[in-house]
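These notes concern the structure reproduced below.
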Amino acid sequence: MTFEKFNSEVKTLEKFFSIYCKDKHTNQQTRNYSFKYKNNSVSCNINLCDECNELFLYAVSRLQECPHKEKPRCRKCPNPCYEKDKFKKMAKMMRYSGMKLGLTKLAKKFNFLKS
């Protein structure tokens, strides 16, 4: 996987985790991250609870270890690297955040058309 793809994947995770944790959990703390990949680094700041922090770090570690040159979607991967329970948690979080992001974009477009 290229560094650009890794960076994009981390930014997507950042967005999804931020939405999910803000809506579902309390006791978030601002956390600063810096991840290395192919002699480059990606930094981000997110407000996360302890549970989401642990899952976020796990997801990024799986990205860093992805052996594929062209990263497939995890659910279609021939060699899944996620533990089953963590995969279920990730799927739940991605579904929720994806819906929320999709609805937000749709609402913005709708409001634009109304103006």
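The values are calculated or read from the model by the stated rules, or taken from the named source; none is laboratory data. Quantities reported herein were computed from a predicted structural model and do not represent experimental measurements. Heads up, the Cβs are rebuilt from the backbone with ideal geometry, glycines too, and the neighbour counts pull from every protein chain shown. These area figures cover heavy atoms from the full protein model, side chains too; ligands, DNA and RNA do not enter into them. Shrake-Rupley method; radii C 1.70, N 1.55, O 1.52, S 1.80 Å.
Odds and ends about this structure:
- Against the main long axis of the alpha-carbon atoms of the chain, helix 84-114 sits at an angle near 30°.
- Whole-Hz Karplus values for region 16-33 come out as 5, 5, 4, 5, 4, 5, 4, 7, 10, 10, 10, 6, 6, 10, 6, 10, 9, 10 Hz, taken residue by residue from phi with 6.51 cos²θ - 1.76 cosθ + 1.60 and θ = phi - 60°; glycine and proline positions read x.
- Heavy atoms of S41: accessible area, 1.4 Å probe, square angstrom to 10: 60
- Solvent-accessible heavy-atom area per residue, rounded to whole Å², over the chain at 1.4 Å: 71
- The peptide list 24-31, 85-92, put in order of mean Cβ contacts within 10 Å with the highest first, becomes 85-92, 24-31.
- Length-normalised contact order of the chain in % [C-alpha pairs under 8 Å, at least 6 apart]: 29
- Near the amide H of R31, within less than 5 Å, lie the amide hydrogens of I46, N47, L48, all on another chain or at least 5 residues away, with H placed in the peptide plane.
- Pairs from K15/K69; K38/K100; K5/K84; K11/K84; K15/K71 whose Cα-Cα separation, in the structure shown, is over 26 Å: K38/K100
- Cα shape, region 4-48, gyration tensor, a/c 1.5 rule: oblate
- 0 to 90° range, to nearest 10: angle between helix 50-65 axis and the chain longest Cα axis: 50
- Candidate residues L57, L101: accessible-area rank, largest first, probe 1.4 Å: L57, L101
- With every protein chain in place, region 1-86: carbon and sulfur % of accessible area (1.4 Å): 43
- Across the chain, counting alpha-carbon atoms alone, Rg and Dmax equal 15.4, 49 Å.
- Length released on extending from N40 to S61, taking residue separation times 0.36 nm less the Cα-Cα span: 6.1 nm
- Rounded accessible area of R62 (nearest 10 Å², 1.4 Å probe): 60
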